[in-house]
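Everything on this sheet refers to the single structure shown next.
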Amino acid sequence: RDAEQCRQCHYLIDPMAGMFQNFDHRAQWRPRRDGWYEDTFATAFITSTGEVREMPDTQTNRALQWIGEQIAQAPRFPSAMVTHTYLAVMGVPPLAFPSAADQAGYLGKLRAYTLQQQWFREVEQAFLDSDYNLKTIYRAMVLSRYFATRRVNVDPDAVDADEWALYE
């Protein structure tokens, strides 16, 4: 871990690996007799901004719960949950941002992408307001226009922008 080529990966891997220090290769609770390896980076959660939140020693026996709490507090967690649930429920990924303005149906695709992103933000807020109740996301998905129309095939050039959001 002293070599730079090793340090780059271990800086990211070790903090998360430490969460699993009390589990054996069969995922059974089995704390190590000699404790965790001393030559690793501290068990921690690294935020999207690079902030390192080290796990307090008092949390060692509930490390997985601790990391779960850290992840749930991350600003991107609601967005990740909505996106992941969308894929699980709809069976297709969310719309991608249309990359080429000269692409056929570009304006309709852009409008559809924008509307879907706005709807995602609304579902994220509802998820937060419900105190992270996952049923809120599932309900929004099943009751959405996207759920009822996701398998319809249409020509994007033959549909106006508002209608296109229903079909993509």
Review point. Within the stretch 88-137, restricting attention to residues that are open to solvent by 60 Å² or more (accessible area, probe 1.4 Å), of a type outside the set (A, V, I, L, M) and outside any helix (DSSP H, G or I), which residue is farthest from Ile71 (Cα to Cα)?
Key: Asp102
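Let's see how each residue does on (1) among the acidic types (Asp, Glu); (2) open to solvent by 70 Å² or more (accessible area, probe 1.4 Å); (3) at pLDDT below 90:
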| position | (1), (2), (3) |
| --- | --- |
| Asp2 | yes, yes, yes |
| Gln5 | no, yes, yes |
| Cys9 | no, yes, yes |
| Leu12 | no, yes, yes |
| Met19 | no, no, yes |
| Ala42 | no, no, yes |
| Thr47 | no, no, yes |
| Met55 | no, no, no |
Review point. Are any of the residues in the stretch 9-16 over 30 Å from Asp129 (Cα atoms), of a type in the set (A, V, I, L, M) and not in a helix (DSSP H, G or I)?
Key: no
Exercise for review: List every residue pair whose Cβ atoms lie under 8 Å apart, where the two residues are 6 or more positions apart in sequence or sit on different chains, the first residue falls within the stretch 96-124 and is without any contact (Cβ under 8 Å) to a residue 40 or more places away in the chain, and the second residue, located anywhere, is of a type in the set (Ser, Thr, Tyr).
Suggested key: Ala96/Tyr113; Phe97/Tyr113; Pro98/Tyr106; Pro98/Tyr113; Ala100/Tyr106; Trp119/Ser144; Trp119/Tyr146
Review point. Restricting attention to the stretch 21-40, which residues are open to solvent by less than 100 Å² (accessible area, probe 1.4 Å) and in a strand (DSSP E or B)?
Key: Phe23
Review point. So is Thr85 modelled with pLDDT of 85 or more, in contact with a helix residue (DSSP H, G or I) (Cβ under 7 Å, 6 or more places away or on another chain), part of a helix (DSSP H, G or I) and under 30 Å from Val142 (Cα atoms) or not?
Key: yes
Exercise for review: May I ask you to verify whether Trp36 is in contact (Cβ under 8 Å) with a residue 12 or more places away in the chain, in contact with a helix residue (DSSP H, G or I) (Cβ under 7 Å, 6 or more places away or on another chain) and within 30 Å of Tyr138 (Cβ to Cβ)?
Suggested key: no
Point to revise | Where a residue in the stretch 1-18 is closer than 18 Å to Arg53 by Cα and its partner, wherever it lies, is open to solvent by 100 Å² or more (accessible area, probe 1.4 Å), with Cβ under 7 Å and at least six apart | key: none
Check your understanding: Just a yes or no: is a residue in the stretch 43-60 touching a residue at least 40 places away in the same chain (Cβ under 8 Å) and in a helix (DSSP H, G or I)?
Key -> no
Exercise for review: Could you list, in sequence order, all residues of the stretch 57-87 that are in contact with a strand residue (DSSP E or B) (Cβ under 8 Å, 6 or more places away or on another chain) and open to solvent by 40 Å² or more (accessible area, probe 1.4 Å)?
Suggested key: Ile71
Review point. Being closer than 30 Å to Ala72 by Cβ, open to solvent by less than 60 Å² (accessible area, probe 1.4 Å), modelled with pLDDT of 90 or more and in a helix (DSSP H, G or I), is that true of even one residue in the stretch 138-148?
Key: yes
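The values are calculated or read from the model by the stated rules, or taken from the named source; none is laboratory data. All values reported here derive from a predicted model rather than from experimental measurement. Heads up, the Cβs are rebuilt from the backbone with ideal geometry, glycines too, and the neighbour counts pull from every protein chain shown. Ligands, DNA and RNA are stripped out before the accessible areas are found, and what is left, the full protein with its side chains, is counted by its heavy atoms. Shrake-Rupley method; radii C 1.70, N 1.55, O 1.52, S 1.80 Å.
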